[in-house]
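So the structure is just underneath, and the comments pick up after that.
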């Protein structure tokens, strides 16, 4: 997809590159001067009346150099990175009323997906449990099959599983980065290529800017602002996911949290969120019902696969598993099969996507059983 770079976005980029100009000050300057183009022609007396604009910043504005701006724009065009601002049609509508929203965004993929339908942020721990990673992937897949766009931060753990679940459903997903779009390693670049098939990857950082710890709270506020709701799957008390949840609440968004074992520290943040008023959810159906997102059909929804058992043993086994997760020992007992006899049948069904193996040697159906 060709890079989209409007003249307005170039001017907003120039403003953002002035030392001392952040989102709040930048928008105050535009509001006081009339338009983004008028800032550089504004007399010093006008600038001095603006809150937060002192003599040093006035000088920086009047002596700003466009060489860096031109270099960044050329880098975007050569790498297929779109540069967008609030004057562009594809600017996220969800940023309306968010004073600290970025002045510009760098986008790889389809910028139009930033305004696609219902958007859910799924975030959580990098060092997540197997169960947490599994649930993040399954819930994200479930939501994408119903037309929901999944937003996350493309980090290890819960973020990666959220994107993976969306991609399995052939749905839209948006990744928000804490580094520039040209500062990715080979593995990250492959992730970006997959996400951009029907979504996009965004950053407010210059393309070549490397990730730094202080970037991630800024990244998290974009995730919170883009999504109508945020789901925290697992989180420590002192974690970026808690920052995302707090900001989502401040922006007037819905916040949901999954409960988990009290023995696990990675669930402590979720439990605190629930105590603080976040909605407890224990199924993706409940999540969408609480949001009022009764979206059951989508161009991406493949529909639930059906499967007709190939043998009488498969039929008995699949009936034994049913809709709930079942331990392998219970399956053996119900079917009257020994573990050596049962294991290869289960493996074959797992490879076909008929059953799903869960943590703790438990299994669950992934399909509807054919009645014929």
For this session: Could you pull the Rg and Dmax for the range 306-369, using just the Cα atoms, both in Å?
Result: 10.2, 27
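Taking only the alpha-carbon atoms of the range 181-249, what semi-axes of the equivalent ellipsoid follow from 5 times the gyration tensor eigenvalues under a square root, in whole Å, largest first? Can you show the working numbers first?
Details: eigenvalues 103, 46, 28 Å².
The three semi-axes for the range 181-249 are 23, 15, 12 Å.
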Exercise. How far is the Cα center of the range 314-372 from the Cα center of the range 163-228, in Å?
Worked result: 37 Å
Exercise. Hey, fewest Cβ within 10 Å first, where do 107, 21, 122, 5 land in order?
Worked result: 5, 21, 107, 122
Exercise. Is the range 38-99 rounded, prolate or oblate when judged by the Cα gyration tensor, a ≥ b ≥ c being the square roots of its eigenvalues, rounded requiring a/c under 1.5 and prolate requiring a/b larger than b/c?
Worked result: oblate
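Go through 246-256, 69-79 and give me the packing order, highest mean Cβ count within 10 Å leading. Before the final figure, lay out the partial values.
Values: 246-256: 18.9, 69-79: 16.3.
For the peptides 246-256, 69-79, the packing ranking is 246-256, 69-79.
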For this session: Specify the angular offset, from 0 to 90 degrees and rounded to the nearest 10, of the alpha carbon long axis of helix 7-16 from the longest principal axis of the alpha carbons in the chain.
Result: 80 degrees
Seminar exercise, completed: Counted neighbours (other Cβ, 10 Å), sorted fewest up, put 12, 91, 40, 293 in the order 40, 293, 91, 12
Problem set entry | When the convex hull of its Cα atoms is projected in every direction, mean area for the range 111-291 (nm²) | 9.2 nm²
Seminar exercise, completed: Rh (Kirkwood, all Cα-Cα pairs) for the chain, Å, reads 22.6 Å
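Summing -39500 (n - 2.57) over the DSSP H runs of n ≥ 4 in the chain and dividing by its residue number, what mean residue ellipticity at 222 nm do you reach, to the nearest 500 deg cm²/dmol?
Working: 15 runs with 153 residues, N = 372.
Estimated from H runs of four or more residues: -12000 deg cm²/dmol.
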Problem set entry | Residue-span extension gain [residue 40 to residue 327] - 0.36 nm each, minus C-alpha spacing | 96.5 nm
Seminar exercise, completed: Honestly the range 1-120 on the Cα gyration tensor test (a ≥ b ≥ c root eigenvalues; a/c under 1.5 rounded, otherwise a/b vs b/c for prolate or oblate) is just oblate
Exercise. In a GNM of the chain with a 10 Å cut-off on Cα contacts, which of 131, 319, 209 has the highest mean-square fluctuation?
Worked result: 319
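How do 156, 363 line up, fewest other C-beta atoms within 10 Å first? Write out the running numbers ahead of the final one.
Details: 156 13, 363 22.
Placing the least packed residue first, the sequence is 156, 363.
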Exercise. For residue 275 and residue 2 in the same chain, what is the full-extension length gain: residue separation times 0.36 nm, less their Cα-Cα distance, in nm?
Worked result: 93.6 nm
For this session: Springs between alpha-carbon atoms under 10 Å, Gaussian network over the chain: tell me which of 170, 204, 186 tops the mean-square fluctuations.
Result: 186
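Compute the length gained on full extension between residue 312 and residue 348: take 0.36 nm times their separation in residues and subtract their Cα-Cα distance, giving the result in nm to one decimal.
Details: separation 36, 0.36 × 36 = 12.96 nm, distance 1.48 nm.
The residue 312-residue 348 span can extend by a further 11.5 nm.
None of the figures in this text is laboratory data; all of them are computed from the coordinates on show. Here the structure is a predicted model, which is why all the values come from computation and not from measurement. No Cβ is skipped: glycine too gets one built from the backbone with ideal geometry, and neighbour counts run over all protein chains shown.
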